[in-house]
Amino acid sequence: MSYVLYKISLLQFLSKPFCRAIEMTSQVFSVDASGLTDAASAAPAFSPLYQQIKGLILQSLQSGEWKPGEGIPSEMELAARYRVSQGTVRKAIDELASGNLLIRRQGKGTFVATHAEQQVQYRFLKLMPDLGNPKSEGPAQRKIIDCKRLRANAEIGRALAIRTGDAVLQVSRVLSFAGAPTILEQLWLPGAPFKGLTAERLSEYDGPMYALFETEFGVRMVRAEEKIKAVVPDAAQCKLLEIKSHTPLLSVERTAYTYNDTPMELRRGFYVTNTHHYHNALN
């Protein structure tokens, strides 16, 4: 047997709109004799119903119930699962689709977004050629400079929300276009989720790095924050990018997050912008 717990005042109880809100909420959140269910802890008790459903769908995405690229149940099936209307489910899915976590395909259904798809890749790829488009210049040629495990210093620990001294993976690579070194990247990943990632595997994998993280390590990057500034290269950067010491570089520091705003990557990129520019579309 299950019961619904409410904490309300007499005036609230007498309010018809409030009673209707309680009736709606009771469809999704309940407790049994042992305490609150997992669903009840997913969202505040009186948040809009579609937000509660959105939270439950996010839980399923985070747990891996539906993996990147896979279809999720239909709106009708989800409505039956959560005992709400299809309209409520549709609104929840709309928000997740607008956040690029889900992708709707006309006549096929709704799928978990994956970095293997170009429309998702380009959300995280902002360097564009001055002439033509990314497709016309072909994929970048990637060269792994280094891939090693070390202990996080205080700065890396703060960025990845881990303790100083915890294991991290540091990767350095150069990306070239048409044979010209264009991007030098250094990135740091928390050691535990990426156990087994090696320079050999990075070199062998033919797709985007974030797609590799998804398929082999179950880590999906869903958003990122970036800091951008102009810098003067040091001697090591000049050598790897084959540029002169007075060549300006665009420095882009990115922190990428998985579900629940958990940081999973700190990336520092140095871009040569002689033939490319950093592109951002503001909606």
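The values are calculated or read from the model by the stated rules, or taken from the named source; none is laboratory data. The shown structure was predicted, so the numbers you read here are calculated from the model rather than taken from an experiment. So basically every Cβ, Gly included, is an ideal-geometry build from the backbone, and we count neighbours across all protein chains shown.
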Only one of these conditions is not met by Ile156: (1) within 30 Å of Gly99 (Cα to Cα); (2) outside any helix (DSSP H, G or I); (3) of a type outside the set (Lys, Arg). Which number is it?
(2)
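If you scan segment 153-170, which residues turn out to be in contact with a helix residue (DSSP H, G or I) (Cβ under 7 Å, 6 or more places away or on another chain) and surrounded by 19 or more Cβ atoms within 10 Å (Cβ to Cβ)?
Val168
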Answer yes if at least one residue in segment 217-240 is closer than 22 Å to Ser203 by Cβ, in the same structural domain as Arg173 (by TED's automatic domain parsing) and acidic (Asp, Glu), and no otherwise.
no
Confirm whether Leu189 is modelled with pLDDT of 95 or more and either in a loop (DSSP other than H, G, I, E, B) or touching a Ser or Thr at 6+ places or on another chain (Cβ under 8 Å) (or both).
no
Taking the stated definitions as given, is Leu197 in the same structural domain as Lys148 (by TED's automatic domain parsing), within 19 Å of Ile156 (Cα to Cα) and in a loop (DSSP other than H, G, I, E, B)?
yes
Go through segment 54-85 and give me each residue that's surrounded by 14 or more Cβ atoms within 10 Å (Cβ to Cβ) and of a type in the set (S, T, N, Q).
Gln59, Ser60, Gln62, Ser85
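Results for (1) in the same structural domain as Asp206 (by TED's automatic domain parsing); (2) among the small types (Gly, Ala, Ser); (3) more than 16 Å from Ala256 (Cβ to Cβ), shown as yes or no for each residue.
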site	(1), (2), (3)
Met128	yes, no, yes
Asn133	yes, no, yes
Ile144	yes, no, yes
Arg151	yes, no, yes
Gln186	yes, no, no
Ala192	yes, yes, yes
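Of everything in segment 122-144 that's out of contact with any Ser or Thr (no Cβ under 6 Å at 6 or more places or on another chain) and in a loop (DSSP other than H, G, I, E, B), which residue is modelled with the lowest pLDDT?
Leu125
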Being touching a Gly at 6+ places or on another chain (Cβ under 9 Å) and either surrounded by 15 or more Cβ atoms within 10 Å (Cβ to Cβ) or not in a helix (DSSP H, G or I) (or both) is the filter here, so list the residues in segment 203-225 that pass it.
Glu214, Thr215, Phe217, Gly218, Val222, Arg223
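Restricting to segment 226-283, count the residues that are part of a helix (DSSP H, G or I) and either hydrophobic (A, V, I, L, M, F, W, C) or without any contact (Cβ under 8 Å) to a residue 60 or more places away in the chain (or both).
Step one: of segment 226-283, the residues part of a helix (DSSP H, G or I) are 235-241, 259-261.
If we keep only those that are either hydrophobic (A, V, I, L, M, F, W, C) or without any contact (Cβ under 8 Å) to a residue 60 or more places away in the chain (or both) as well, we get 235-241, 261.
Counting residues in segment 226-283 that are part of a helix (DSSP H, G or I) and either hydrophobic (A, V, I, L, M, F, W, C) or without any contact (Cβ under 8 Å) to a residue 60 or more places away in the chain (or both) gives 8.
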Hey, among the residues in segment 226-242 that are surrounded by fewer than 13 Cβ atoms within 10 Å (Cβ to Cβ) and of a type in the set (A, V, I, L, M), which one's farthest from the chain's Cα centre (by Cα)?
Ala235
